[in-house]
């Protein structure tokens, strides 16, 4: 695998992760400002299903089934060629379709426009949410200290 291929893979993982973590309402709002959906063919219409989540205690223990989670997947092919795929948490068919279209567009000539109008704003929203959660957690922080007695 070449360095260029590794970079492309890493970039794609980053934008697909951002799309998967995004709130459906945020992605829908940004798509409204982006314009109409591009011409595309459905390779796999949005389907809702479930996955089993597995975990490990302390990341080293035996694996166990933690529970199930709903996911929606979708695959599209743009009229000009690139395929886009998405797996998103939850049961939003619209979010899965928008995420798959975004993935496909990022692999074509519209990548810069998609990054500016969709991905960068989503990254900013995610950053603000993380900062807000961190601030709320910091507000509940308790500092413990030990007093040293002056006696020997």
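The numbers here are math on the coordinates, done by the rules we state, and not lab data. As the structure is a prediction and not an experimental result, all values here were calculated from the model. Note that we place each Cβ from the backbone using ideal geometry, even for glycine, and neighbour counts take in every protein chain shown.
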Revision key, fill the gap. Between the modelled labels at residue 56 and residue 138 (7 Å from Cα along Cα→Cβ) the distance in nm is 3.3
Study note, to complete from the structure: If one builds a Gaussian network model of the chain from Cα atoms under 10 Å apart, the most fluctuating residue listed among 82, 36, 46 is 36
Revision key, fill the gap. So the angle from the long Cα axis of helix 24-34 to the longest Cα principal axis of the chain, reported in degrees to the nearest 10, equals 40
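So what is the relative contact order for the chain, in percent, with contacts set as C-alpha pairs under 8 Å and at least six apart?
22
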Review point. What does the highest-first list of 57-66, 120-129 look like by mean Cβ count within 10 Å?
Key: 120-129, 57-66
Study note, to complete from the structure: segment 92-148 and segment 10-31 have their Cα centres apart by a whole-number Å value of 8
Revision key, fill the gap. With label points set 7 Å from each Cα along the Cα-to-Cβ direction at residue 94 and residue 11, the distance between them in nm comes to 3.0
Study note, to complete from the structure: With Cα springs under 10 Å, the Gaussian network model of the chain assigns the largest mean-square fluctuation among 137, 99, 86 to 137
Revision key, fill the gap. Taking Cα atoms, the helix 93-106 axis meets the longest principal axis of the chain at an angle in degrees (rounded to 10) of 80
Study note, to complete from the structure: For Kirkwood radius over Cα pairs in Å, with candidates [x] 18.2; [y] 15.3; [z] 19.4, the value calculated from the shown model is option [x]
Study note, to complete from the structure: For the chain, longest principal axis from Cα atoms; helix 3-21 axis from its Cα atoms; angle between them, nearest 10 degrees, is 80
